[in-house]
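J.: Next up is a structure, given as structure tokens.
The values are calculated or read from the model by the stated rules, or taken from the named source; none is laboratory data. Just so it is clear, the model here is predicted, and its values are computed rather than measured. Cβ coordinates were reconstructed from backbone atoms using ideal geometry, including for glycine residues, and neighbour counts include every protein chain displayed.
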Amino acid sequence: MAQNPLEKVEFVENPEPRCAVALVLDVSGSMSGQAIAELNAGLQEFDKDLKADPLAALRVEVGMVTFGGAVTAVDFVTADQFHPPVLAANGETPMGQAVQKALTMLRDRKNSYKVNGIDYYRPWLFLITDGAPTDAWESAAAQARQEEDQKGVSVYAIGVEGADLQTLSQFSSKRQPLKLKGLTFRELFQWLSKSLGAVALSNPGEQAPLPTVGWAEADT
Amino acid sequence: MTIPQWHISGASVQGTSHLEKNVPCQDAHACLLTTRGDLLLVVADGAGSAERSQDGAGIAVKQIIASLESALQDGVSDTEPNWQALIAQAFAEALQAVVQFADSVNTPLNSFATTLACAVVSDDWLAVGQIGDGAVVAEDVDGNLFLTARPQRGEYANEAYFLTMPDALSYLSIYASRQSIRSLVLTTDGLLRLAFKLPGYEPSPQFFQPLLAFTAAADDPEQARSDLVAFLGSVRVNSRTDDDKTLVLAARVAPTREHPDALASDEGRGK
């Protein structure tokens, strides 16, 4: 068979579009013991699943903010460069400060995409806690709601057993917090990697349908 | 006046993600060389999230070809405003056709969401209209490639502009200019990241020149179309995009040539 003359057409190498997720994780004292162990196992699962999807590994960017006593941030890297830390639990729950930090990181990240001509999807803020904020959280929650109303971010709040869901509900204007079934962090993070993978592959005009949530308790 | 001769070829091919999700090819295209020698090229990309977008794309393409052909029958005055008005009217009629169809089947208009881009070459005028993230690239007589209208995008990579959105006609971008064109390429968003250097959308000569050379040399329309379909469905293309993809190509045939193509018409959708 004759060669197709269009084999001569060469393609441009453009950077992959990015989908940033800020993991905002409670590592306060109350998380110690089995909860933090399961959270760490969940992060390992998340890392493994994202790397198993070659395109998601290049398109999903993971940033982390942990709060337990102090607030600690790790800036965004694409999933293929991500190394989940082993988290230890202690201290109070400065959730407000952590959310504020994550919102700032996401804004900065979008700016750097713009400056560098990289396409991007609406970023996610994924907040997990088993308690209630011990700092002044109201203005951080208001900022998160405002940012979400302006379509700047999608906020997902997850409460582990013992979490103050009423307070947690103040961090999103679009969706209610979900309560984790037991300590099923692995299922939670599997769902998250699948969801981000779907978003990061959606084409213009598509809303990626998210996989079914199997890790949350049904509404009571 | 001699009637200009063109080699014309077009194809729309289903993306691999559409194949997996059992969604049809939602791209559509059409080409027409009118009896008075006006070249009309159109592409449309139905929205992935809209359930009847392939119908929206098909109806819009069919109507805008009919509107342009009819408007051009009496010739167009040589002014930019006249061309702009002609393109705007054709888009309004294309939208109207989709609205009427949606009403007739009692289905919301946004179920038919589609982008639409058209190009007209008439005598020494080039006129282009576009809503959404298609792209129209022209080659002038000196061989320079240029993008006539930048693909319209929202902030996010999966946001798009559609003919069916509220106030859509206010987003219509029109390019009309008196200049001689040697060739034209229309494409939908599936190929943007392969064909343009982002973020400036500079057309890549390594992508477009071989396409144009292929079109200029394409004496046999059947063979050209089959080469084009094979290319758009190739592993090489599919490894870089999972979306539907469309190419419509036209290259002016040198007047000395012995192959005056008959009226070329190719209207349709990929499989």
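Results for (1) in a loop (DSSP other than H, G, I, E, B); (2) touching a helix residue (DSSP H, G or I) at 6+ places or on another chain (Cβ under 6 Å); (3) surrounded by 19 or more Cβ atoms within 10 Å (Cβ to Cβ); (4) modelled with pLDDT of 95 or more, shown as yes or no for each residue.
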residue: B:THR107; (1), (2), (3), (4): yes, no, no, yes
residue: B:SER111; (1), (2), (3), (4): no, no, no, yes
residue: B:CYS118; (1), (2), (3), (4): no, yes, yes, yes
residue: B:ALA138; (1), (2), (3), (4): no, no, yes, yes
residue: B:GLY143; (1), (2), (3), (4): yes, no, no, no
residue: B:ALA157; (1), (2), (3), (4): yes, no, yes, no
residue: B:PHE162; (1), (2), (3), (4): yes, no, yes, yes
residue: B:TYR175; (1), (2), (3), (4): no, no, yes, yes
residue: B:LEU186; (1), (2), (3), (4): no, no, yes, yes
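J.: Here is a follow-up. Only one of A:SER173, A:SER169, A:SER195 is in a loop (DSSP other than H, G, I, E, B), hydroxyl-bearing (Ser, Thr, Tyr) and surrounded by 13 or more Cβ atoms within 10 Å (Cβ to Cβ). Can you tell me which? Don't jump to the end; show me each part of the working.
T.: Working: A:SER169 fails: in a loop (DSSP other than H, G, I, E, B); A:SER195 fails: in a loop (DSSP other than H, G, I, E, B).
Of the residues listed, the single one that is in a loop (DSSP other than H, G, I, E, B), hydroxyl-bearing (Ser, Thr, Tyr) and surrounded by 13 or more Cβ atoms within 10 Å (Cβ to Cβ) is A:SER173.
J.: With the requirement that a residue be assigned to a helix (DSSP H, G or I) and either in contact with a Pro (Cβ under 9 Å, 6 or more places away or on another chain) or in contact (Cβ under 8 Å) with a residue 40 or more places away in the chain (or both), what does region B:211-225 give you?
T.: Within region B:211-225, B:LEU212, B:ALA213, B:PHE214, B:THR215, B:ALA216, B:ALA217, B:PRO221, B:ALA224, B:ARG225 meet the criteria.
J.: Test A:LYS48 against the criterion of being away from every other protein chain (no Cβ under 11 Å) and charged (D, E, K, R), and give yes or no. Walk me through how you get there before you give the answer.
T.: Working: away from every other protein chain (no Cβ under 11 Å): yes; charged (D, E, K, R): yes.
The answer is yes for A:LYS48.
J.: What tally of residues in region B:187-210 results from selecting those that are within 7 Å of another protein chain (Cβ to nearest Cβ) and either more than 18 Å from B:VAL128 (Cβ to Cβ) or among the hydroxyl-bearing types (Ser, Thr, Tyr) (or both)?
T.: Narrowing region B:187-210 to residues within 7 Å of another protein chain (Cβ to nearest Cβ): B:189, B:193-199, B:204, B:206-207, B:210.
Narrowing the set further to residues that are either more than 18 Å from B:VAL128 (Cβ to Cβ) or among the hydroxyl-bearing types (Ser, Thr, Tyr) (or both) leaves B:193-194, B:197-199, B:204, B:206-207, B:210.
Of the residues in that region, 9 qualify.
J.: Do you know which residues across region B:133-183 are free of Cβ contacts under 8 Å to residues at least 12 places away in the same chain and away from chain A (no Cβ under 13 Å)?
T.: Quick first cut of region B:133-183, residues free of Cβ contacts under 8 Å to residues at least 12 places away in the same chain only: B:142, B:144, B:154-159, B:166-167, B:170.
Across region B:133-183, the qualifying residues are B:ASP142, B:ASN144, B:PRO166, B:ASP167, B:SER170.
J.: Could you please give the count of residues in region B:120-136 that are surrounded by 14 or more Cβ atoms within 10 Å (Cβ to Cβ), charged (D, E, K, R) and either closer than 16 Å to B:LEU169 by Cβ or over 19 Å from the mean Cα position of the chain (by Cα) (or both)? Can you show your working first?
T.: Of the residues in region B:120-136, the ones surrounded by 14 or more Cβ atoms within 10 Å (Cβ to Cβ) are B:120-123, B:125-136.
Those left that are additionally charged (D, E, K, R): B:123, B:133.
Keeping just the survivors that are either closer than 16 Å to B:LEU169 by Cβ or over 19 Å from the mean Cα position of the chain (by Cα) (or both) gives B:123.
Final tally of qualifying residues: 1.
J.: Further, regarding this structure: Can you go through A:ALA98, A:ALA140, A:ALA132 and tell me which one is assigned to a loop (DSSP other than H, G, I, E, B), among the hydrophobic types (A, V, I, L, M, F, W, C) and either away from chain B (no Cβ under 14 Å) or in contact (Cβ under 8 Å) with a residue 24 or more places away in the chain (or both)?
T.: Working: A:ALA98 fails: assigned to a loop (DSSP other than H, G, I, E, B); A:ALA140 fails: assigned to a loop (DSSP other than H, G, I, E, B).
On inspection, the qualifying residue turns out to be A:ALA132.
J.: I'm trying to understand the selection: among the residues of region B:145-155, which are more than 14 Å from B:ALA213 (Cα to Cα) and either in a loop (DSSP other than H, G, I, E, B) or aliphatic (A, V, I, L, M) (or both)? Spell out the reasoning first.
T.: In the first step, residues of region B:145-155 are kept if they are more than 14 Å from B:ALA213 (Cα to Cα); the result is B:146-155.
Of everything in region B:145-155, those that are more than 14 Å from B:ALA213 (Cα to Cα) and either in a loop (DSSP other than H, G, I, E, B) or aliphatic (A, V, I, L, M) (or both) turn out to be B:LEU147, B:ALA149, B:ARG150, B:PRO151, B:GLN152, B:GLY154, B:GLU155.
J.: May I pose another question? Looking only at region B:211-223, filter to residues that are more than 9 Å from every other protein chain (Cβ to nearest Cβ) and not β-branched (Val, Ile, Thr); which one of those is surrounded by the fewest Cβ atoms within 10 Å (Cβ to Cβ)?
T.: Narrowing region B:211-223 to residues more than 9 Å from every other protein chain (Cβ to nearest Cβ): B:212, B:215-216, B:219-223.
Narrowing the set further to residues that are not β-branched (Val, Ile, Thr) leaves B:212, B:216, B:219-223.
Values: B:LEU212: 21, B:ALA216: 19, B:ASP219: 13, B:ASP220: 12, B:PRO221: 15, B:GLU222: 9, B:GLN223: 13.
Step by step, filter region B:211-223, then rank; the result is B:GLU222.
J.: Just to be sure, is B:VAL23 surrounded by 21 or more Cβ atoms within 10 Å (Cβ to Cβ) and not small (Gly, Ala, Ser)?
T.: Numbers: surrounded by 21 or more Cβ atoms within 10 Å (Cβ to Cβ): no; not small (Gly, Ala, Ser): yes.
Judged against the criteria, B:VAL23 is not a match.
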